[in-house]
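Below you'll find the structure, written out as structure tokens, and then a few comments.
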Amino acid sequence: MKNYLFLASISMMFLISCERVSEFTKFNLIYDESVVIPSSAGVNLPFNLFTPDIESNAESQFAINDTRKDMIEEITLTTLNMTITSPSNGTFSFLKEMAIFLVADSLPEIEIASKYDIPNSTGNVLELETTGEDIQEYIKKDQFSLRLHTVTDEMLSTEYHLDIHAVFYVDAKILGL
């Protein structure tokens, strides 16, 4: 009986230490990008905006965090915020809805965040709801881009400059296991 208790104690300590070690294999990748909504955008008409190609720098970020592409278990988008940088008094009251799609070579486009029925009281920061999809194959690519599908409910008299802030959660395997 003592042997079983001893083995159970050792097993429990091993599991607890593995949990602590696994925390070291979890980290965030942060990407910031900008996009411009032109003043000629129509009311209640959907239109698309594309960001320039974003260099993923995933390999170097993985190396900094002591992991490799082949050791990644999951990458999900946890936060996607948009901030109006121009005009200085601009708000998101002109938006009716927005969906963000991730685009990468040889992979199907995938929706990663959205916000529908955006209230007119929304200020100059818009937080989108993320889908929680595993998007590791997109982030592992050398580059990717974002497509913004938007519908406005007001005519825009000036162009809007937006900063996009995205945080991706990365979970890698423990010691290659």
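Test GLU111 against the criterion of being charged (D, E, K, R), closer than 21 Å to SER34 by Cα and modelled with pLDDT of 95 or more, and give yes or no.
Spelling it out, GLU111 is indeed charged (D, E, K, R), closer than 21 Å to SER34 by Cα and modelled with pLDDT of 95 or more.
Quick one: which residue in SER11, SER40, SER88 is at pLDDT 75 or above and either under 29 Å from GLU159 (Cβ atoms) or not aromatic (Phe, Trp, Tyr) (or both)?
Values: SER11 fails: at pLDDT 75 or above; SER40 fails: at pLDDT 75 or above.
Step by step, each of SER11, SER40, SER88 is checked, and only SER88 is at pLDDT 75 or above and either under 29 Å from GLU159 (Cβ atoms) or not aromatic (Phe, Trp, Tyr) (or both).
Scan the stretch 113-122 and tell me whether some residue there is out of contact with any Leu (no Cβ under 9 Å at 6 or more places or on another chain), open to solvent by 30 Å² or more (accessible area, probe 1.4 Å) and among the aromatic types (Phe, Trp, Tyr).
Yes, there is a match, as at least one residue in the stretch 113-122 is out of contact with any Leu (no Cβ under 9 Å at 6 or more places or on another chain), open to solvent by 30 Å² or more (accessible area, probe 1.4 Å) and among the aromatic types (Phe, Trp, Tyr).
For (1) among the small types (Gly, Ala, Ser); (2) within 17 Å of THR78 (Cα to Cα); (3) in a strand (DSSP E or B), each residue gets a yes or a no:
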{"position": "SER121", "(1), (2), (3)": "yes, no, no"}
{"position": "LEU126", "(1), (2), (3)": "no, yes, yes"}
{"position": "TYR138", "(1), (2), (3)": "no, yes, no"}
{"position": "LYS141", "(1), (2), (3)": "no, no, no"}
{"position": "VAL167", "(1), (2), (3)": "no, yes, yes"}
{"position": "ASP171", "(1), (2), (3)": "no, yes, yes"}
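Looking for whichever is exposed (fewer than 12 other Cβ atoms within 10 Å of the Cβ) and hydroxyl-bearing (Ser, Thr, Tyr) here; the options are SER93, SER60. Which one fits?
SER60
It is to be established whether one or more residues within the stretch 144-163 are part of a loop (DSSP other than H, G, I, E, B), over 18 Å from VAL36 (Cα atoms), open to solvent by 60 Å² or more (accessible area, probe 1.4 Å) and touching a residue at least 24 places away in the same chain (Cβ under 8 Å).
no
Hey, any hits in the stretch 73-84 for a residue that's among the polar types (S, T, N, Q), open to solvent by 50 Å² or more (accessible area, probe 1.4 Å) and free of Cβ contacts under 8 Å to residues at least 24 places away in the same chain?
no
Can you find a residue in the stretch 78-92 that is in contact with a strand residue (DSSP E or B) (Cβ under 6 Å, 6 or more places away or on another chain) and over 19 Å from VAL36 (Cβ atoms)?
Yes: one or more hits.
The values are calculated or read from the model by the stated rules, or taken from the named source; none is laboratory data. Only a predicted model underlies this, so the values are computations on that prediction, with no experimental measurement involved. Counting neighbours? That spans all protein chains shown, and the Cβs are built from the backbone with ideal geometry, glycine included. With ligands, DNA and RNA removed, areas are computed over all heavy atoms of the protein, side chains included. Shrake-Rupley method; radii C 1.70, N 1.55, O 1.52, S 1.80 Å.
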